[in-house]
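*Asks:* Pasting in a structure now, in structure tokens, and then I'll have a few things to ask.
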Amino acid sequence: MRLVRRHGWWITAFAAFALAALCRAVGLLQTLEFAAADARAGLFARQVESDIVIVGIDAKSLAALERWPWPRRHHADLIARLSGAAPRRVFLDIDFSSQSNALDDALLESAFRDWSGEPIVLPAFFQAVTASDSTPQLTRPLERFLPHVQLAAVNRRPGADGLERAWRSSWTVAGQRYRSVIDPEASLPPDSEVPIDFSISPASFAYISYVDLLDGRVPPAALAGKTVFVGATAVELGDMVPVPLHRSLPGVVVQALALESVRAGPQRSLPGWLTLLAMAGWALLCAASLRARSWRRNATVLAGVLTLIAAASLYSYAAHRLLLETVPFVLATIAVFLVSTLRFLDQQTWRAVTYALGMRRRDALLRSIVHSSTDCIVCVDEAGLIQTANPAAARLFACPANELVGAPILRYMPGLAAAIDSSRPDVLAALDGGISEWDARPAAGEVFPVELAVGRVRLHSERLYTAIVRDISERKAQQRRLEHQATHDSLTQLPNRAALMQRLDTALAVDGAPQPLALLMLDLCRFKEVNDTLGHDVGDQVLREVARRFQQTVGAQGLIARIGGDEFTVLIDGQETRAAIAMTAQRLNDCLRKPIDVAGISIEVGLSIGVAQSPRDSADPQTLLKHADVAMYVAKRRGTPFECYDAESDENTVRRLALGSELRTAIRDGALELHYQPQVNFRTGRVESVEALLRWSHPTLGQVSPTEFVAIAEATDMIRPLTEWTLGQALSDNREWRRRGLDIRVAANLSARLLQDTVFPERLRVLLASAQADAASLELEITESAMMLDPARALRIIQEIDRLGVLIAIDDFGSGYSSLGYLRDLPVHALKLDKSFVQSMRSCADDRVIVESTVQMAHALRMQVVAEGVESEWDARFLAAAGYDFGQGYHFSAALPAAACAEWIARFNDAEPRVSRTLKHVRASGG
Ligand code: C2E
Ligand code: CA
Ligand code: CA
């Protein structure tokens with residue numbers, strides 16, 4: 001390939017030469033060469049000065065002399081006439097090879113004999129050689145004429161196209177040479193082909209009718225010194241010869257033309273080898289001048305070169321009678337041109353052609369993409385008129401595409417008018433390259449939002465914009481839904497915490513002075529119980545109803561939001577007085593006064609409200625919210641309907657909030673401990689049971705009282721895992737003790753919340769089973785207040801616990817609403833007198849009465865009685881004397897870690913039974 005590229009030009013030359021030479025050799029070019037020669041002859045057609053006179057046996061003569069062949073005496077008479085005129089030479093192209101009647105032949109013979117000038121020439125003709133007969137047949141005049149005449153060969157040899165183009169100087173047949181009429185003096189090379197010059201017009205000859213000459217109507221001067229050819233010119237006589245240019249001519253005229261061609265001078269042509277050499281040189285020259293140029297330039301060169309060939313051919317013929325072959329040169333030139341052009345196209349144009357084809361394909365592809373796109377795609381010109389629109393555009397604008405074309409884009413998107421840059425003429429220039437949102441106004445139907453992407457395209461000199469318009473109604477609606485979801489609570493449809501914070505941010509972010517406002521934090525009381533005991537469905541309905549009532553109460557006065565499970569806020573703009581706030585709080589409280597009926601149950605929920613005001617309490621949204629929360633906790637603790645934020649009461653609440661989250665991790669990570677406080681049986685003087693008490697050693701705050709953190713756990717959902725951990729731990733410690741031979745019952749405290757939890761008994765059963773513990777070794781301490789929330793439910797749960805075999809004790813008896821009435825119905829095993837009575841009985845006689853009468857009453861109900869807070873020997877003696885079964889207090893021991901407690905008990909029980917001694921002592925002294 002490299003070779004072809006580097007040496008291409010002379011390879012081209014060689015190929016062109018070889019092609020032309022080959023075509024020439026096999027005669028493919030002959031016809032063209034003939035056509036060129038004929039064209040040249042036509043171009044040079046002329047009359048010449050000629051002495052030839054044609055005496056034609058024409059139609060007129062045939063008509064006058066009737067019957068053909070004529071009697072030979074006419075020819076004898078003609079010869080006599082000619083003899084009188086003394087022509088230079090006479091060629092009688094008439095066949096005298098056969099005999100006619102004796103008289104006529106004798107007359108003719110004497111005419112030949114009497115002829116005085118150059119002997120008359122008569123035709124001789126050879127029959128072609130056939131396969132059967134190798135000697136040619138010679139047809140010549142009768143023997144008797146021969147001594148008086150000359151012979152001329154009249155054989156013809158047509159060219160490849162069947163036309164007579166040349167005449168031979170002579171024919172050599174069987175060693176005998178017969179000259180033709182064109183070479184009377186034998187001056188031409190023997191047997192050479194002499195091209196007939198058809199540029200010589202047959203009109204150059206004088207024509208005389210045979211009959212006119214015969215009848216003496218031709219003056220002798222017309223023939224004197226002339227060369228006279230006598231022959232058939234009438235078409236009927238069939239001696240017509242096909243020739244170029246004239247189609248056909250009488251044989252005698254053709255011979256006259258051939259003779260005249262010889263007289264005009266020899267027509268030469270180059271020898272074959274020289275022509276080939278010239279062709280080779282020519283091919284090289286062409287290849288050199290046509291190489292690696294643009295085909296346009298080559299075409300010009302080609303035209304010039306072809307003209308040059310034509311001119312050279314004409315000139316050489318005209319000036320030197322040199323017949324140049326033109327066709328091989330033309331062929332070589334065209335071949336070189338074609339190859340050069342193809343080679344050039346290969347490099348340049350092919351690339352352009354394939355590119356153009358590729359472009360067309362890509363164009364079609366793009367068009368189909370645009371057509372099938374579901375996005376509306378329109379082309380808009382500088383004036384804002386739509387130039388093209390795809391089917392999606394027609395759908396989008398509810399208008400046929402052909403109506404869109406030519407219409408201003410502003411008609412369908414009027415909002416764009418605002419974007420037009422008045423300093424620039426193009427309507428869409430300002431939007432170029434960007435994506436923006438607008439409203440679309442279709443030909444029919446509602447306005448809807450669209451997204452518009454504009455791009456500029458330069459098409460020739462025109463500047464166009466493609467506008468891709470997409471209907472974004474669905475996306476917008478979705479966006480609005482998401483926005484609503486993000487800022488609203490799905491249950492109550494009230495604004496959520498995010499919406500509240502947003503609102504606070506905007507209200508408080510005003511530079512300089514923050515807007516005055518009051519933030520009310522509303523927390524439902526007892527809602528957790530509702531949710532835990534009645535299920536989430538009921539809880540949800542309660543929340544919805546609460547939200548509805550709040551909305552009804554506050555109306556447009558403030559913004560209500562739900563920011564947590566049972567936490568709501570009310571945001572009131574403006575500076576409110578305490579009285580105004582109190583009034584709103586009162587109204588909010590009042591709206592929940594009426595019980596909420598859900599699924600046939602009347603549910604009462606209370607409300608605690610905390611208020612923080614901006615800018616007085618804080619101008620920071622987060623802080624303001626926290627302060628409102630603190631105030632709400634204060635209200636809850638104090639049992640007041642509402643509290644305004646007070647920085648002092650804040651501290652406790654902050655601690656409480658912090659402890660809440662830390663407690664959760666402490667439960668999870670097992671950072672709590674369970675200690676045990678022994679309970680001494682006053683009768684046996686031995687420890688038979690212990691009370692499990694939670695201990696939390698906080699890394700920074702030190703020991704945190706269970707009273708504090710259990711209350712926190714109760715306020716949240718942590719109480720359940722906390723209780724389960726305690727019970728599990730107590731049972732496992734208890735099992736460990738039993739394994740070591742310590743048969744001790746363990747009492748655990750049960751939060752009031754668990755008495756409302758219907759699944760608790762089942763959880764307890766699972767715990768007992770997994771600890772493989774005897775249910776009777778466990779006692780649960782419940783408070784009287786735990787019974788108050790929903791006595792019927794509490795009773796059911798207590799009964800279920802009892803059925804498991806677990807013992808139940810009433811803790812802190814006497815501290816709450818002591819009502820002995822319900823004790824009768826409960827499966828209670830023991831009462832624990834609140835330690836406040838034990839503490840006060842030392843100084844107060846009334847309390848001593850309560851302490852003593854409680855024992856009577858409990859024993860009457862067949863319950864055991866436990867005294868708590870036994871701090872002194874006196875306490876123990878008094879209580880034992882009063883009939884108490886058990887005593888528990890610092891007098892014996894504080895709560896101890898499990899192992900320490902076990903050791904303590906072992907030691908205590910092994911020692912001398914001090915208590916029974918005490919008991920004896922009490923009985924002895926007290927009477
Ligand atoms: P409680 O059930 O009345 O427990 C008895 C409390 O009295 C314990 O306080 C105990 O340490 C204390 N105490 C014992 N002997 C004396 C004494 O001689 N004098 C005085 N003044 N106090 C004595 P503690 O451990 O601080 O527990 C406080 C409360 O925390 C308990 O009162 C109980 O209501 C609650 N609590 C403790 N552990 C648990 C638990 O595991 N679950 C639940 N739900 N509550 C628990
Ligand atoms: Ca207790
Ligand atoms: Ca107690």
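The values are calculated or read from the model by the stated rules, or taken from the named source; none is laboratory data. These numbers come from a predicted model, not from an experiment. FYI the Cβ positions are ideal-geometry reconstructions off the backbone, even for glycines, and counts take in every protein chain you see.
*Asks:* Can you work out which of the residues in segment 713-735 that are charged (D, E, K, R) and part of a helix (DSSP H, G or I) is surrounded by the most Cβ atoms within 10 Å (Cβ to Cβ)? Working first, answer last.
*Replies:* Here is the first cut: in segment 713-735, the ones charged (D, E, K, R) are 714, 717, 720, 724, 733, 735.
Now drop any that are not part of a helix (DSSP H, G or I), which leaves 714, 720, 724, 733, 735.
Values: 714: 17, 720: 18, 724: 17, 733: 22, 735: 15.
Among them, the one singled out is 733.
*Asks:* Restricting the search to segment 826-861, which residues are under 30 Å from residue 775 (Cβ atoms) and away from ligand 3 (no atom under 16 Å from the Cβ)?
*Replies:* Once the filter is applied, which keeps residues that are under 30 Å from residue 775 (Cβ atoms) and away from ligand 3 (no atom under 16 Å from the Cβ), segment 826-861 yields 826, 827, 855, 856, 857, 859, 860, 861.
*Asks:* Shifting gears a bit: Please indicate, with yes or no, whether at least one residue in segment 569-579 is without any contact (Cβ under 8 Å) to a residue 60 or more places away in the chain and closer than 17 Å to residue 491 by Cβ.
*Replies:* Looking through segment 569-579, none of the residues is without any contact (Cβ under 8 Å) to a residue 60 or more places away in the chain and closer than 17 Å to residue 491 by Cβ.
*Asks:* Just the residues that are of a type in the set (D, E, K, R) and farther than 12 Å from residue 212 by Cβ, please, taken from segment 55-81.
*Replies:* Residues of segment 55-81 that are of a type in the set (D, E, K, R), as a first pass: 58, 60, 66-67, 72-73, 77, 81.
Within segment 55-81, 66, 67, 72, 73, 77 qualify.
*Asks:* With respect to residue 774, is the statement that it is among the charged types (D, E, K, R), modelled with pLDDT of 90 or more and away from ligand 1 (no atom under 16 Å from the Cβ) true?
*Replies:* So residue 774 passes the test.
*Asks:* Next question. Look through segment 862-874, keep the residues that are in contact with a helix residue (DSSP H, G or I) (Cβ under 6 Å, 6 or more places away or on another chain) and outside any loop (DSSP other than H, G, I, E, B), and return whichever of them is nearest to ligand 3 (Cβ to nearest atom). Explain how you work it out, then say what you get.
*Replies:* Filtering segment 862-874 for residues in contact with a helix residue (DSSP H, G or I) (Cβ under 6 Å, 6 or more places away or on another chain) gives 865, 867-870.
Filter once more, so that each one left must be outside any loop (DSSP other than H, G, I, E, B): 865, 867.
On the way: 865: 13, 867: 10 Å.
Going through the qualifying residues, I end up with 867.
*Asks:* Does residue 416 satisfy the condition of being part of a helix (DSSP H, G or I), among the hydrophobic types (A, V, I, L, M, F, W, C), surrounded by 13 or more Cβ atoms within 10 Å (Cβ to Cβ) and in contact with a Phe, Trp or Tyr (Cβ under 8 Å, 6 or more places away or on another chain)?
*Replies:* Numbers: part of a helix (DSSP H, G or I): yes; among the hydrophobic types (A, V, I, L, M, F, W, C): yes; surrounded by 13 or more Cβ atoms within 10 Å (Cβ to Cβ): yes; in contact with a Phe, Trp or Tyr (Cβ under 8 Å, 6 or more places away or on another chain): yes.
Answer is yes for this residue.
*Asks:* Out of 223, 188, report the one residue that is in contact with a strand residue (DSSP E or B) (Cβ under 7 Å, 6 or more places away or on another chain), among the aliphatic types (A, V, I, L, M) and within 28 Å of residue 36 (Cα to Cα).
*Replies:* Among 223, 188, only 188 is in contact with a strand residue (DSSP E or B) (Cβ under 7 Å, 6 or more places away or on another chain), among the aliphatic types (A, V, I, L, M) and within 28 Å of residue 36 (Cα to Cα).
*Asks:* Under 30 Å from residue 41 (Cβ atoms), without any contact (Cβ under 8 Å) to a residue 12 or more places away in the chain and under 53 Å from the mean Cα position of the chain (by Cα): which single residue out of 300, 307 fits that description?
*Replies:* 300
*Asks:* Please find, among 40, 24, the residue that is in a helix (DSSP H, G or I), under 18 Å from residue 199 (Cα atoms) and not aliphatic (A, V, I, L, M). Even if it seems obvious, please write down each step before you answer.
*Replies:* Details: 24 fails: under 18 Å from residue 199 (Cα atoms).
From the options 40, 24, the qualifying one is 40.
*Asks:* I'm told residue 491 meets every condition in (1) in a loop (DSSP other than H, G, I, E, B); (2) more than 30 Å from residue 562 (Cα to Cα) except one. Can you identify the failing condition by its number?
*Replies:* So the condition that residue 491 fails would be (2).
*Asks:* Taking segment 505-557 on its own, how many of its residues are outside any helix (DSSP H, G or I) and over 17 Å from residue 715 (Cα atoms)?
*Replies:* So the answer is 13.
*Asks:* Out of all the residues in segment 327-381, which are of a type in the set (Gly, Ala, Ser), assigned to a helix (DSSP H, G or I) and farther than 19 Å from residue 282 by Cβ?
*Replies:* Let us first name the residues in segment 327-381 that are of a type in the set (Gly, Ala, Ser), namely 332, 335, 340, 352, 356, 358, 364, 368, 372-373.
When the remaining residues are screened for being assigned to a helix (DSSP H, G or I), the result is 332, 335, 340, 352, 356, 358, 364, 368, 372.
Selection gives 352, 356, 358, 364, 368, 372.
*Asks:* Consider residue 858 carefully, then state whether it is more than 16 Å from ligand 2 (Cβ to nearest atom), part of a loop (DSSP other than H, G, I, E, B), of a type outside the set (D, E, K, R) and in contact with a helix residue (DSSP H, G or I) (Cβ under 9 Å, 6 or more places away or on another chain).
*Replies:* Against the criterion (more than 16 Å from ligand 2 (Cβ to nearest atom), part of a loop (DSSP other than H, G, I, E, B), of a type outside the set (D, E, K, R) and in contact with a helix residue (DSSP H, G or I) (Cβ under 9 Å, 6 or more places away or on another chain)), residue 858 does not qualify.
*Asks:* Is it the case that residue 581 is within 53 Å of the chain's Cα centre (by Cα), closer than 23 Å to residue 623 by Cα and of a type in the set (Val, Ile, Thr)? Give the steps one after another, and end with the answer.
*Replies:* Details: within 53 Å of the chain's Cα centre (by Cα): no; closer than 23 Å to residue 623 by Cα: yes; of a type in the set (Val, Ile, Thr): yes.
The answer is no for residue 581.
*Asks:* Please find, within segment 684-706, the residue that is nearest to ligand 3 (Cβ to nearest atom) out of those that are outside any strand (DSSP E or B) and surrounded by 15 or more Cβ atoms within 10 Å (Cβ to Cβ).
*Replies:* This residue is 706.
*Asks:* Can you find even one residue in segment 842-862 that is in contact with an Asp or Glu (Cβ under 8 Å, 6 or more places away or on another chain) and either surrounded by 13 or more Cβ atoms within 10 Å (Cβ to Cβ) or at pLDDT 90 or above (or both)?
*Replies:* Yes, segment 842-862 contains a residue that is in contact with an Asp or Glu (Cβ under 8 Å, 6 or more places away or on another chain) and either surrounded by 13 or more Cβ atoms within 10 Å (Cβ to Cβ) or at pLDDT 90 or above (or both).
The rows are residues; the columns are (1) under 29 Å from residue 76 (Cβ atoms); (2) touching a residue at least 60 places away in the same chain (Cβ under 8 Å); (3) surrounded by fewer than 20 Cβ atoms within 10 Å (Cβ to Cβ).
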{"site": "161", "(1), (2), (3)": "no, yes, yes"}
{"site": "164", "(1), (2), (3)": "no, yes, no"}
{"site": "179", "(1), (2), (3)": "yes, no, no"}
{"site": "200", "(1), (2), (3)": "no, yes, no"}
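*Asks:* Right, next: Scan segment 883-897 for residues that are surrounded by fewer than 21 Cβ atoms within 10 Å (Cβ to Cβ) and not in a loop (DSSP other than H, G, I, E, B) and report the count.
*Replies:* Number satisfying all stated conditions: 2.
*Asks:* Considering every residue within segment 151-158, establish whether at least one is in contact with a Gly (Cβ under 9 Å, 6 or more places away or on another chain) and either part of a loop (DSSP other than H, G, I, E, B) or under 24 Å from residue 75 (Cα atoms) (or both).
*Replies:* Yes, some residue in segment 151-158 is in contact with a Gly (Cβ under 9 Å, 6 or more places away or on another chain) and either part of a loop (DSSP other than H, G, I, E, B) or under 24 Å from residue 75 (Cα atoms) (or both).
*Asks:* Quick check on my filter: what residues within segment 52-66 are at pLDDT 90 or above, over 15 Å from residue 202 (Cβ atoms) and not in a helix (DSSP H, G or I)?
*Replies:* Hit for segment 52-66 is 57, nothing else.
*Asks:* Could you look through segment 616-666, keep only residues that are among the small types (Gly, Ala, Ser) and more than 59 Å from the chain's Cα centre (by Cα), and pick out the one that is surrounded by the most Cβ atoms within 10 Å (Cβ to Cβ)?
*Replies:* 635
*Asks:* Taking residue 455 as meeting all but one of (1) free of Cβ contacts under 8 Å to residues at least 24 places away in the same chain; (2) touching a helix residue (DSSP H, G or I) at 6+ places or on another chain (Cβ under 6 Å); (3) assigned to a strand (DSSP E or B), write down the number of the exception.
*Replies:* Failing condition for residue 455: (2).
*Asks:* When residue 839 is evaluated against the numbered criteria (1) more than 16 Å from ligand 2 (Cβ to nearest atom); (2) in a helix (DSSP H, G or I), which criterion, by number, is the only one it fails?
*Replies:* (1)
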